[in-house]
Amino acid sequence: MKTTELKAHKRENVGKRTAKDLRAAGNIPGVVYDEQNATHIYISAKDAAKVLYTPETYIVKLEVDGAVTEAIVRDAEYHPVTEKILHVEFLKISDNKKVKLTLPVRLKGVPVGVTKGGKLTPKVRKLMVKGIPSKLPDLIEVEVSHLDLGQTIKVGHAKVDGVEILTSPSAALASVEIPRALRSATTKA
C-alpha cells in the first residue's frame, strides 16, 4: 500500500466549541484509536485533504507531537453542503493484526463486447477487504477482456493473494451493456 506522512498535534480540550475554533483556524479535529486508548488530535485541513479527497487508500505515518505511529483512515465526516472535512478518525495498525478497509477496483483490459459495440459499466468502485496492512495491495485489478455483450463479472471472480474480500461475492463488479441502438438493430435483422 502507498504510504504518506501527516503531522498532528494532541488536543487537550474536546467539545463543540473547541472543534469549531479548530475548524475556523484551518484545522480538523480527529481521534487516533488503538486497542485500549483514544488520542484526540488535530491536523491541518490542507494536509488532510491529500489523504481524504482521493479514491486511494493510504497507510498514514502520523506524527503526533514527535511520536510516529502507523495508521489508516477509519472514517471521515464531511459537511453535507460544502463537503469540507469536519472530523477524521484514524486506526492504529500493526503487522500482527488484520484490518478491514476499502480498496479501489481497477478494470483491466478491453472487453470483447465493447469491440462489438457494447458499453463497459463499472458497478462497484471499491471493495471491503481484510488483511495484514503490509501485504495489502494499492488496488484490486480485475481482468474484464473476456466479457461479451450482456455479461457481468461478479466480486467472487476477483482474487488477491493474502487478502480476504468481505464484499458479497454475488455483487456485480462490472457489466457490458448492450446499447439500445444495437439491441434494436439485432431484433430487426
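Here are the numbers for this structure:
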{"read-out": "Selection status of Val160, outside any strand (DSSP E or B) and crowded, with 18+ Cβ neighbours inside 10 Å", "value": "yes"}
{"read-out": "Flag if Glu5 is in a loop (DSSP other than H, G, I, E, B), touching a residue at least 12 places away in the same chain (Cβ under 8 Å) and at negative phi", "value": "no"}
{"read-out": "Only one of Gly156, Gly150 that is more than 18 Å from Arg106 (Cα to Cα) and of a type in the set (Gly, Ala, Ser)", "value": "Gly150"}
{"read-out": "Residue in the stretch 76-97 that is among the β-branched types (Val, Ile, Thr) and farther than 22 Å from Ala49 by Cα present", "value": "no"}
{"read-out": "Filtered residues of the stretch 76-125 (kept if assigned to a loop (DSSP other than H, G, I, E, B), under 27 Å from Ile165 (Cα atoms), open to solvent by 50 Å² or more (accessible area, probe 1.4 Å) and among the hydrophobic types (A, V, I, L, M, F, W, C))", "value": "Val110"}
{"read-out": "Any pair with Cβ under 6 angstrom, 6 or more apart, that starts in the stretch 164-186 at a residue that is within 16 Å of Thr115 (Cβ to Cβ) and outside any loop (DSSP other than H, G, I, E, B) and ends at one that is open to solvent by less than 80 Å² (accessible area, probe 1.4 Å) and β-branched (Val, Ile, Thr)", "value": "Ala174/Val144; Ala174/Ile153; Ser175/Thr121; Ser175/Thr152; Glu177/Thr121"}
{"read-out": "Of all residues in the stretch 16-75 being acidic (Asp, Glu) and touching a residue at least 60 places away in the same chain (Cβ under 8 Å), the one that is surrounded by the most Cβ atoms within 10 Å (Cβ to Cβ)", "value": "Glu70"}
{"read-out": "One residue from Ile140, Ile153 being under 25 Å from Val73 (Cα atoms) and surrounded by 15 or more Cβ atoms within 10 Å (Cβ to Cβ)", "value": "Ile140"}
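Conditions (1) under 18 Å from the mean Cα position of the chain (by Cα); (2) more than 30 Å from Val176 (Cα to Cα); (3) of a type outside the set (D, E, K, R), marked per residue:
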position	(1), (2), (3)
Ala71	yes, yes, yes
Ala76	yes, yes, yes
Pro80	no, yes, yes
Asp95	no, yes, no
Gly113	no, no, yes
Arg125	yes, no, no
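The values are calculated or read from the model by the stated rules, or taken from the named source; none is laboratory data. From a predicted model like this one, the values you see are computed outputs, not experimental measurements. Cβ: placed from backbone, ideal geometry, glycine included. Neighbour counts: every protein chain shown. Just the protein is used for accessible areas: all its heavy atoms, side chains included, with ligands, DNA and RNA removed. Shrake-Rupley method; radii C 1.70, N 1.55, O 1.52, S 1.80 Å.
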